[in-house]
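The values are calculated or read from the model by the stated rules, or taken from the named source; none is laboratory data. All values reported here derive from a predicted model rather than from experimental measurement. When we count neighbours, we look across all protein chains shown, and the Cβ atoms used for this are built from the backbone with ideal geometry, even at glycine.
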Amino acid sequence: MTSEIVKITKLPVTVKTRLGWDDTTKNVTEVAERLQDIGIQALSIHGRTRAQLYKGSADWTLIGEIKNNPRITIPIFGNGDVDSPEKAKMMRDTYGVDGIMIGRASIGYPWIFNEIKHYFKTGELAPPPDVAMRVATCRKHLQRSLEWKGLVTGIHEMRRHYVNYFKGFDHFKEYRMKLVTSYSIDEINGILDEILIRYADNDLIKV
Ligand SMILES: Cc1cc2nc3c(=O)[nH]c(=O)nc-3n(C[C@H](O)[C@H](O)[C@H](O)COP(=O)(O)O)c2cc1C
């Protein structure tokens with residue numbers, strides 16, 4: 001399938017995959033070589049098997065082996081459980097990957113990417129976003145979600161994000177319940193206004 005896609009487009013084709021189907025079929029090493037041979041431009045690997053879903057922790061050992069395989073020349077990106085600048089650095093230093101993909105840790109916390117860049121560049125941790133920044137970003141996200149997905153789906157898809165935007169905020173449940181049950185944009189924006197006032201004096205919060 002990938003070979004046919006590479007043939008019909010001039011665009012660079014990249015692949016993301018897992019280690020294999022289950023513990024007895026971790027074939028990603030062979031898969032990486034074959035994908036490179038048919039012309040993909042980069043490969044991202046999530047350090048779990050399909051059978052594992054999200055259980056256990058991601059195993060980056062095979063990702064590192066593929067990165068260090070002399071046969072492999074395309075960029076290799078590691079993926080799985082990176083949720084902080086320190087962890088990103090540890091994975092980069094330990095496994096030598098060309099890049100890191102981040103999934104869950106960016107949900108409701110898009111600052112993670114710049115925080116990692118900042119840490120790589122300076123060796124220092126950037127201060128986490130304050131409440132005003134979180135509310136403003138959440139509002140913009142809601143607006144874009146509505147523009148992109150329409151009223152009902154836009155509102156529904158935002159619901160999984162609110163709790164992460166305000167993770168670690170004391171007594172947040174009351175606001176969360178309102179945010180995830182409302183179908184009114186004005187009401188949601190009103191709740192975001194309330195959050196801004198209620199938590200304005202919070203110290204900077206790190207998720
Ligand atoms: C809501 C959600 C949607 C995802 N959708 C896809 C997808 O469409 N394709 C894919 O390859 N992986 C998808 N993933 C898996 C992630 O890309 C990633 O491999 C996995 O979450 C592990 O990385 P993490 O520990 O940084 O989250 C999804 C993950 C989440 C949480």
Filter the stretch 146-198 for residues that are among the aromatic types (Phe, Trp, Tyr) and within 26 Å of the chain's Cα centre (by Cα); which is farthest from Met133 (Cα to Cα)?
Trp148
Spot the failing condition for Gly80; the list is (1) at positive phi; (2) out of contact with any strand residue (DSSP E or B) (no Cβ under 6 Å at 6 or more places or on another chain), and only one is missed.
(2)
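Any idea which of Ala51, Ala32 is in a helix (DSSP H, G or I) and among the hydrophobic types (A, V, I, L, M, F, W, C)? Spell out the reasoning first.
Values: Ala51 fails: in a helix (DSSP H, G or I).
Criteria check complete, one pass: Ala32.
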Met91 passes all but one of the listed conditions (1) away from the ligand (no atom under 14 Å from the Cβ); (2) more than 11 Å from the chain's Cα centre (by Cα); (3) of a type outside the set (Gly, Ala, Ser); the exception is number (1)
For the stretch 149-207, give me every one of the helices (runs of 4 or more DSSP H) that falls completely inside it and has 2 or more residues that are closer than 21 Å to Ile112 by Cα and aliphatic (A, V, I, L, M).
151-165
Would you mind finding the one in Glu157, Glu86, Glu115 that is in contact with a Ser or Thr (Cβ under 6 Å, 6 or more places away or on another chain) and under 30 Å from Gly56 (Cβ atoms)?
Glu157
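Please verify whether the stretch 73-85 includes one or more residues that are over 30 Å from Ala32 (Cβ atoms), out of contact with any Lys or Arg (no Cβ under 9 Å at 6 or more places or on another chain), away from the ligand (no atom under 16 Å from the Cβ) and assigned to a loop (DSSP other than H, G, I, E, B). Show your work before the answer.
Kept after step one, since they are over 30 Å from Ala32 (Cβ atoms), are these residues of the stretch 73-85: none.
No, every residue in the stretch 73-85 fails to be over 30 Å from Ala32 (Cβ atoms), out of contact with any Lys or Arg (no Cβ under 9 Å at 6 or more places or on another chain), away from the ligand (no atom under 16 Å from the Cβ) and assigned to a loop (DSSP other than H, G, I, E, B).
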Of the residues that make up the stretch 130-153, is at least one among the basic types (Lys, Arg) and within 16 Å of the ligand (Cβ to nearest atom)?
yes
Quick check on my filter: what residues within the stretch 21-43 are farther than 17 Å from Pro75 by Cβ and either within 14 Å of the ligand (Cβ to nearest atom) or not assigned by TED's automatic domain parsing to the domain that holds Gly80 (or both)?
none
Check Lys167, Lys149, Lys140 and return the single one that is basic (Lys, Arg), farther than 15 Å from Ile191 by Cβ and touching a residue at least 24 places away in the same chain (Cβ under 8 Å).
Lys167
Criterion violated by Trp60 - all others in (1) within 12 Å of the ligand (Cβ to nearest atom); (2) within 22 Å of Gly108 (Cβ to Cβ); (3) out of contact with any His (no Cβ under 8 Å at 6 or more places or on another chain) satisfied
(2)
Qualifying residue in the stretch 89-102 (condition: surrounded by fewer than 17 Cβ atoms within 10 Å (Cβ to Cβ), modelled with pLDDT under 95 and outside any helix (DSSP H, G or I))
no
